[in-house]
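The values are calculated or read from the model by the stated rules, or taken from the named source; none is laboratory data. Please read these numbers as outputs of a predicted model, since none were measured by experiment. Cβ placement follows ideal geometry from the backbone for every residue including glycine, while neighbour counts extend to all protein chains displayed. Heads up: the accessible areas ignore ligands, DNA and RNA and are worked out on the full protein's heavy atoms, side chains in. Shrake-Rupley method; radii C 1.70, N 1.55, O 1.52, S 1.80 Å.
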Amino acid sequence: MIISGKELSARLKAEMAEEVKGFPAKYGRVPHLVVVLVGDNPASVSYVTGKAKASAEVGIRNTTIRRPESISEAELLELIASLNADAEVDGILVQLPLPKHIDEDKVIAAIDKSKDVDGFHPLNVAALWQKQPCTLPCTPKGIIKMLKAAGVEIAGKRAVVIGRSNIVGLPVSKLLLDENATVTMAHSRTRNLAEVTRGAEILVVAIGRPKFITADMVSEGTVVIDVGVNRDPETGKLCGDVDFAAIEPKASVITPVPGGVGPMTICCLMENTIECFKRRF
Ligand code: GUN
């Protein structure tokens, strides 16, 4: 079975749009998401465009603020302070990565925790790891939603997560653990990686290397979640971290690239924006 993140997210966005329609009467306005884009990295521009498009579909007000690559850290922090103070801003997202001369951690920590729609603020991260209420990071949240929508039983399963980033690997491992999976966190320094991945009943791959996971690394019946967004060096087309064509026949459930995890990430961003908005009233 191929899980279409595109279809699931379309359904969820339609439900959110229905709810948001009632907001002007109930709250006097609609949620407002501000996305800050520094520089013109093509992938970042494309992601930010996707976020604006989804906002329009759901009825969320979206402002994209573009700043040149040359912006100083102090200027960016000043911008964030003004957005924190703006009562008409409910969600703030600073598109990553930032230019090398800017300290990403400092920028993330400067965002008001209650407007942190990415769930990247240290206080949100701490709350996640202490199982307290928090804004969940969008990609991990979307992955769990996809697994549940596909009817995958997570409890008791051997889950292997490849990649240990703050954005995906670490938080998705924690969410899988909270769903009672037995989680192995593998990465570039893992020895005998194929042996580890062959033991997975649920395999989440977020390493950013095109078609890194080959058919021999996956057992029959595995649930495969591909978080990768890469260019295939041979065809120039978008591809995941998983060799989809080779693994799809072996997997019980698999997500495609594009149209898998990506749309679910944006869908969860919409959900997080609505949550942050509601908490303000
Ligand atoms: N860059 C890649 N993924 C993300 C994300 O989920 N949020 C932000 N802010 N930047 C990203």
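Checked against the criterion of being within 15 Å of the ligand (Cβ to nearest atom), over 30 Å from T63 (Cα atoms) and either small (G, A, S) or open to solvent by 20 Å² or more (accessible area, probe 1.4 Å) (or both), region 224-243 has no qualifying residue. Residues that are hydroxyl-bearing (S, T, Y) and touching a Lys or Arg at 6+ places or on another chain (Cβ under 9 Å) within region 133-147 comprise just one, T135. Please verify whether T135 is assigned to a loop (DSSP other than H, G, I, E, B), surrounded by 20 or more Cβ atoms within 10 Å (Cβ to Cβ), among the polar types (S, T, N, Q) and within 13 Å of the ligand (Cβ to nearest atom), treating the condition exactly as stated. Here the answer is yes, as T135 does meet what is asked.
Condition first: away from the ligand (no atom under 14 Å from the Cβ), open to solvent by 20 Å² or more (accessible area, probe 1.4 Å) and outside any loop (DSSP other than H, G, I, E, B). Now tell me which residues in region 118-132 satisfy that. If the condition is that a residue be away from the ligand (no atom under 14 Å from the Cβ), open to solvent by 20 Å² or more (accessible area, probe 1.4 Å) and outside any loop (DSSP other than H, G, I, E, B), then P122, L123, A126, W129 are the ones that fit.
Of all residues in region 73-117, exactly one satisfies the criterion of being within 14 Å of the ligand (Cβ to nearest atom), in contact with a Ser or Thr (Cβ under 9 Å, 6 or more places away or on another chain), among the β-branched types (V, I, T) and within 20 Å of A52 (Cα to Cα), namely V117. Determine, yes or no, whether I92 is within 17 Å of I108 (Cα to Cα), under 20 Å from the mean Cα position of the chain (by Cα) and not in a helix (DSSP H, G or I). Answer is yes for this residue.
Name every residue in region 76-121 that is without any contact (Cβ under 8 Å) to a residue 40 or more places away in the chain and under 23 Å from P42 (Cβ atoms), in order of residue number. If the condition is that a residue be without any contact (Cβ under 8 Å) to a residue 40 or more places away in the chain and under 23 Å from P42 (Cβ atoms), then K100, H101, E104, V107, I108 are the ones that fit. Considering region 25-61, and only residues there that are touching a helix residue (DSSP H, G or I) at 6+ places or on another chain (Cβ under 7 Å), of a type outside the set (V, I, T) and within 14 Å of the ligand (Cβ to nearest atom), the residue that is nearest to F277 (Cα to Cα) turns out to be L33.
Consider region 62-89. How many of its residues are of a type in the set (D, E, K, R) and either surrounded by 17 or more Cβ atoms within 10 Å (Cβ to Cβ) or in a loop (DSSP other than H, G, I, E, B) (or both)?
So the first thing to find is which residues in region 62-89 are of a type in the set (D, E, K, R), and the list is 66-67, 69, 73, 75, 78, 86, 88.
In the following step, the residues that additionally are either surrounded by 17 or more Cβ atoms within 10 Å (Cβ to Cβ) or in a loop (DSSP other than H, G, I, E, B) (or both) were identified as 69, 86, 88.
Residues in region 62-89 being of a type in the set (D, E, K, R) and either surrounded by 17 or more Cβ atoms within 10 Å (Cβ to Cβ) or in a loop (DSSP other than H, G, I, E, B) (or both): 3 in total.
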